[in-house]
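Step one of this worksheet: look at the structure below.
The values are calculated or read from the model by the stated rules, or taken from the named source; none is laboratory data. Quick caveat: nothing in here was measured; it's all calculated off a predicted structure. No Cβ is skipped: glycine too gets one built from the backbone with ideal geometry, and neighbour counts run over all protein chains shown.
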Amino acid sequence: MTTKLAGTVAPQGSVLTGLDAGIIVEFSKENSTLFKANNTTCPSIKDTIKLGEQVLDLYGKGKWNKKWVIITELVEAESATVIISNSSNGKIELKANANIDAPAMDIADAEFKFSTLFSKGLESKIVSAEGLTPLFKIMGMKTRIFLPPMFKAQKVMSFDLFTPEMARGEYKDDIYFGYISDEERE
């Protein structure tokens, strides 16, 4: 990652001009990730053991679908940048459109109002977006042959594979967005 301040010479081959301030990110490996989150908070469910006992009880009573999961921990960011390359020569050049006289630049700081001047070989790019929840942890049922079910942390299927058609199709009754209160569980 290269930072170019306003009034300095742009790196060779860059589309940034001498007057521009910006950041250049170059990837040397396929599927590499740049992740930076600012001012994060991590709300979580503290007693996952009790939660697990309640889920197992509901499952035993036929009131819990084993495909359902619960988000037990979040990482919320005031602002964040996530860039994923899909090639060994992925590159992005970002121009700061505000605060360009700053002595240093932060790729995740929304105050710089970055715009993309050039990109290649990228799978995804979220640049200095505000109010993100970039990470989460889920727990759910794990059923096993000849052993009782258990409540444990789960791997997450990529949301790239989850489509609106799935939400309307066979999974439509399995998706719930929001908070479940004690009254809704009974």
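Can you tell which of 108, 98 is assigned to a loop (DSSP other than H, G, I, E, B), touching a strand residue (DSSP E or B) at 6+ places or on another chain (Cβ under 8 Å) and small (Gly, Ala, Ser)? Show your work before the answer.
Details: 98 fails: touching a strand residue (DSSP E or B) at 6+ places or on another chain (Cβ under 8 Å).
Testing whether each residue is assigned to a loop (DSSP other than H, G, I, E, B), touching a strand residue (DSSP E or B) at 6+ places or on another chain (Cβ under 8 Å) and small (Gly, Ala, Ser) leaves just 108.
Which is closer than 29 Å to residue 103 by Cα, crowded, with 17+ Cβ neighbours inside 10 Å and under 26 Å from the mean Cα position of the chain (by Cα), of 10, 77? Explain how you work it out, then say what you get.
Working: 10 fails: under 26 Å from the mean Cα position of the chain (by Cα).
When all the criteria are applied, what remains is 77.
For region 65-79, give me each residue that is closer than 12 Å to residue 52 by Cα and touching a Lys or Arg at 6+ places or on another chain (Cβ under 7 Å).
72
Given the residues 24, 49, 70, which is the only one that is touching a Gly at 6+ places or on another chain (Cβ under 8 Å) and of a type in the set (Val, Ile, Thr)? Please lay out each step first, then the result.
Working: 24 fails: touching a Gly at 6+ places or on another chain (Cβ under 8 Å); 49 fails: touching a Gly at 6+ places or on another chain (Cβ under 8 Å).
Selected residue: 70, the only one of 24, 49, 70 that is touching a Gly at 6+ places or on another chain (Cβ under 8 Å) and of a type in the set (Val, Ile, Thr).
Just to check your reading of the model, which residue among 19, 34 is surrounded by fewer than 16 Cβ atoms within 10 Å (Cβ to Cβ) and hydrophobic (A, V, I, L, M, F, W, C)? If you could, list the steps in order and put the result at the bottom.
Details: 34 fails: surrounded by fewer than 16 Cβ atoms within 10 Å (Cβ to Cβ).
Residue meeting the stated conditions: 19.
Condition check ((1) in a loop (DSSP other than H, G, I, E, B); (2) more than 29 Å from residue 123 (Cα to Cα)) across all residues:
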{"position": "10", "(1), (2)": "yes, no"}
{"position": "14", "(1), (2)": "yes, no"}
{"position": "17", "(1), (2)": "yes, no"}
{"position": "28", "(1), (2)": "yes, no"}
{"position": "36", "(1), (2)": "no, no"}
{"position": "62", "(1), (2)": "yes, yes"}
{"position": "65", "(1), (2)": "yes, yes"}
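Kindly evaluate residue 113 against the criterion of being among the basic types (Lys, Arg), surrounded by 13 or more Cβ atoms within 10 Å (Cβ to Cβ), at pLDDT 90 or above and under 22 Å from the mean Cα position of the chain (by Cα).
Working: among the basic types (Lys, Arg): yes; surrounded by 13 or more Cβ atoms within 10 Å (Cβ to Cβ): yes; at pLDDT 90 or above: yes; under 22 Å from the mean Cα position of the chain (by Cα): yes.
Yes.
Please verify whether region 38-54 includes one or more residues that are surrounded by 15 or more Cβ atoms within 10 Å (Cβ to Cβ), touching a Ser or Thr at 6+ places or on another chain (Cβ under 9 Å) and part of a helix (DSSP H, G or I).
Yes, some residue in region 38-54 is surrounded by 15 or more Cβ atoms within 10 Å (Cβ to Cβ), touching a Ser or Thr at 6+ places or on another chain (Cβ under 9 Å) and part of a helix (DSSP H, G or I).
Among the residues of region 64-93, write down those that are in contact (Cβ under 8 Å) with a residue 60 or more places away in the chain and over 14 Å from residue 152 (Cα atoms).
As a first pass, look at region 64-93 and keep what is in contact (Cβ under 8 Å) with a residue 60 or more places away in the chain: 64-75, 87-93.
Listed by number, the residues that qualify are 64, 65, 74, 75, 87, 88, 89, 90, 91, 92, 93.
Please work out if residue 119 is outside any strand (DSSP E or B), more than 14 Å from the chain's Cα centre (by Cα) and within 22 Å of residue 14 (Cα to Cα). I'd like the intermediate steps shown before the answer.
Values: outside any strand (DSSP E or B): no; more than 14 Å from the chain's Cα centre (by Cα): yes; within 22 Å of residue 14 (Cα to Cα): yes.
So residue 119 does not fit the description; no.
Any idea which residue in region 124-146 is nearest to residue 4 (Cα to Cα), counting only those that are surrounded by 15 or more Cβ atoms within 10 Å (Cβ to Cβ) and among the charged types (D, E, K, R)?
If we take residues in region 124-146 being surrounded by 15 or more Cβ atoms within 10 Å (Cβ to Cβ) and among the charged types (D, E, K, R), then 125 is nearest to residue 4 (Cα to Cα).
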